[in-house]
Amino acid sequence: MPPEPEEVQVRAGVEADLEALTDLYNHYVRETAVTFDTAAFTPEQRRPWLHSHPVDGPHRLLVAWIGDRIAGYATSSQFRPKAAYDTSVEVSVYLAPHAVGRGIGGLLYESLFAALATEPVHRAFAGITVPNMPSIRLHERFGFRQVGEFSEAGRKFDRYWDVRWYEKDLHHPSE
């Protein structure tokens, strides 16, 4: 009989997650063009980022764990610093390599958008470095639509990368 699949726990990110979150993000910094950061972070350097995502409000950090291993995280972050953008967020998902292809990105987004349903957020935006079909499929599955593409927007690994922008309407009936 095959072993039972381990249950995925999704919860708000907390200080105790900082080292695991930093290690996970650094994988993407070192190995991929998914993020345009080019130097790995220490947990102390990532602490302000962690604290910019409180347990409630429109800027969230949700973490998925399988047993004692981080499986991934999703965020909704400030889109731009000007006040008129306060009803918009930028969202992202990062998965641990062992968790890719297991539905955890979808589980994280389901939880994130359920939490945002009670917040005064009107639009969610996602910038995806292309090519990245798994991320594009995930965002389209959650109702994002492509709204534009910035060509050669960032330089990493000795080449330029395009960034495709997607948006999702989070309009609430009471608006």
So which residues in the stretch 10-61 are touching a His at 6+ places or on another chain (Cβ under 9 Å), in contact (Cβ under 8 Å) with a residue 40 or more places away in the chain and not aliphatic (A, V, I, L, M), if there are any at all? Gly13, His53, Arg60
I need a count of the residues in the stretch 70-90 that are touching an Asp or Glu at 6+ places or on another chain (Cβ under 9 Å) and under 23 Å from Val10 (Cα atoms). 7
Pull up the stretch 53-91, narrow it to residues that are of a type in the set (Phe, Trp, Tyr) and in a strand (DSSP E or B), then point me to the one that is surrounded by the most Cβ atoms within 10 Å (Cβ to Cβ). Tyr73
For Leu107, state whether it is aliphatic (A, V, I, L, M), closer than 22 Å to Ala84 by Cβ and either surrounded by 14 or more Cβ atoms within 10 Å (Cβ to Cβ) or at pLDDT 95 or above (or both). no
Taking the stated definitions as given, is Phe41 surrounded by 13 or more Cβ atoms within 10 Å (Cβ to Cβ), touching a strand residue (DSSP E or B) at 6+ places or on another chain (Cβ under 6 Å) and not aliphatic (A, V, I, L, M)? no
Working carefully through the options Gly127, Gly154, Gly148, find the one that is assigned to a strand (DSSP E or B) and touching a residue at least 60 places away in the same chain (Cβ under 8 Å). Gly154
Can you pull out every residue in the stretch 157-175 that is of a type in the set (D, E, K, R) and assigned to a loop (DSSP other than H, G, I, E, B)? Asp158, Glu175
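The values are calculated or read from the model by the stated rules, or taken from the named source; none is laboratory data. Given the structure is predicted, the values throughout are model-derived calculations rather than measurements. With ideal geometry, Cβ positions are generated from the backbone for all residues, glycine too; neighbour counts draw on all protein chains shown.
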